[in-house]
Amino acid sequence: MSNDELGLFIDNDRKVFAPGETLELSVLWALPAKPDSLEIRLFWYTRGKGTEDVEVLATEKIASSAAAGESKVRFALPAAPYSFSGKLISLLWAVELVAEPGTRSTRCEFTLSPTGTEILLGR
Amino acid sequence: MILARDNPFSTDRVLRERYRLSEREWSRLQEKLSYHCGRGALVGPKGSGKTTLLEDFKVRLSHPGRRITLIRLSAESPILPHAFDKTFFAKLDHNDALLLDGAEQLSWLKWFWFRWHTRHAGLVIVTTHRVGRLPMLHRCSTTPMLLRTLVRSLGEDLPHAEAATLHRRHRGNIREALRELYDRHAEKNTGVLSTPTSLV
């Protein structure tokens with residue numbers, strides 16, 4: 001990892017989680033200076049034709065005392081909403097790592113579904 | 001069927017397209033704003049890019065020490081939110097830039113109230129459908145060519161004749177034309193489920 005970088009990885013490279021499972025993340029950062037804050041956010045958002053919605057479900061702050069480092073973070077995933085897609089709207093889950101100042105960020109997406117895949121509507 | 005997250009005309013992708021104004025036009029716009037003592041209107045019909053231009057203006061006006069407030073009104077929310085009461089307006093001074101999107105939503109009486117209470121603000125810029133409320137800084141308008149350019153920028157192609165038809169059908173409202181293209185695209189058949197691509 002070069003300078004000024006953020007890394008956020010889901011452990012074991014998993015892409016799909018069942019409701020209620022635990023999301024385990026590895027966080028790495030190498031910034032030009034010690035960040036004021038490092039925060040991980042668990043959220044879902046929508047994409048599609050209409051107004052976009054977003055809801056942040058949980059945030060976790062990393063106590064950072066150095067410009068570079070690594071940490072582990074865990075989130076208990078909620079029961080809903082499931083990841084789904086239709087013609088008009090998709091609901092997507094993601095986690096992001098945000099470093100201040102400068103609002104640098106990186107994100108990682110995953111599917112939350114009891115079936116092991118995104119729910120497809122209208123098929 | 002194309003899934004919403006893969007539709008090139010999804011709201012997030014469309015909103016990433018900014019108002020197309022050259023540096024020369026920006027300079028002219030800012031000169032006009034200075035000439036009119038920091039007061040002006042971006043005028044144009046629905047779907048002509050006024051809000052986008054106002055948002056871009058907000059970015060250009062940003063500098064240390066300036067407080068910028070963007071108030072959005074619409075047919076669904078036509079009145080000033082409670083946060084913008086007399087107390088808020090009483091604090092305005094020359095460091096404040098007040099941007100009002102949808103000034104046509106205010107009745108004349110409310111408009112005069114707004115003008116009076118923003119008299120101490122350094123800048124007041126509004127968007128409106130018709131001329132008359134503040135000196136016009138820029139008239140927003142659209143063409144079939146602009147529609148084509150936007151569609152191309154979204155990674156799709158729109159033949160000229162089709163762009164002209166679509167533009168005419170929606171009376172120049174680019175937002176509505178892009179929504180129609182969203183629907184058309186959503187109906188397309190595809191056997192492939194591609195991964196999300198635009199998540200900036």
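State all residues of the range A:98-115 that are at pLDDT 95 or above and either more than 14 Å from every other protein chain (Cβ to nearest Cβ) or farther than 30 Å from A:Lys34 by Cβ (or both); if no residue qualifies, say none. Within the range A:98-115, A:Thr111, A:Leu112, A:Ser113, A:Pro114, A:Thr115 qualify.
Of the residues examined, A:Val54 is one that is within 17 Å of A:Cys108 (Cα to Cα) and within 14 Å of chain B (Cβ to nearest Cβ).
For (1) within 28 Å of B:Asn173 (Cβ to Cβ); (2) touching a residue at least 24 places away in the same chain (Cβ under 8 Å); (3) surrounded by fewer than 11 Cβ atoms within 10 Å (Cβ to Cβ), each residue gets a yes or a no:
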{"position": "B:Arg18", "(1), (2), (3)": "yes, yes, no"}
{"position": "B:Gly38", "(1), (2), (3)": "no, yes, no"}
{"position": "B:Pro64", "(1), (2), (3)": "no, no, yes"}
{"position": "B:Ser74", "(1), (2), (3)": "yes, yes, yes"}
{"position": "B:Phe88", "(1), (2), (3)": "no, no, no"}
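For (1) part of a strand (DSSP E or B); (2) in contact with a Leu (Cβ under 6 Å, 6 or more places away or on another chain); (3) within 14 Å of chain A (Cβ to nearest Cβ), each residue gets a yes or a no:
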| position | (1), (2), (3) |
| --- | --- |
| B:Arg5 | no, no, yes |
| B:Leu15 | no, no, yes |
| B:Leu29 | no, yes, no |
| B:Ser34 | no, no, no |
| B:Thr51 | no, no, yes |
| B:Ser74 | no, no, yes |
| B:His82 | no, no, no |
| B:Phe89 | no, no, no |
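When residues in the range B:102-116 are screened for being within 23 Å of B:Ser62 (Cβ to Cβ) and either open to solvent by 20 Å² or more (accessible area, probe 1.4 Å) or not assigned by TED's automatic domain parsing to the domain that holds B:Arg67 (or both), 0 of them pass.
So in the range A:71-96, with the set limited to residues that are under 14 Å from the mean Cα position of the chain (by Cα) and within 14 Å of another protein chain (Cβ to nearest Cβ), which one is nearest to A:Asp36 (Cα to Cα)? So, considering only residues that are under 14 Å from the mean Cα position of the chain (by Cα) and within 14 Å of another protein chain (Cβ to nearest Cβ), the one nearest to A:Asp36 (Cα to Cα) is A:Glu96.
The values are calculated or read from the model by the stated rules, or taken from the named source; none is laboratory data. Every value quoted in this text rests on a predicted model; they were computed, and no experiment measured them. Every residue, glycine among them, receives a Cβ derived from its backbone with ideal geometry; neighbour counts consider all protein chains shown. Heads up: the accessible areas ignore ligands, DNA and RNA and are worked out on the full protein's heavy atoms, side chains in. Shrake-Rupley method; radii C 1.70, N 1.55, O 1.52, S 1.80 Å.
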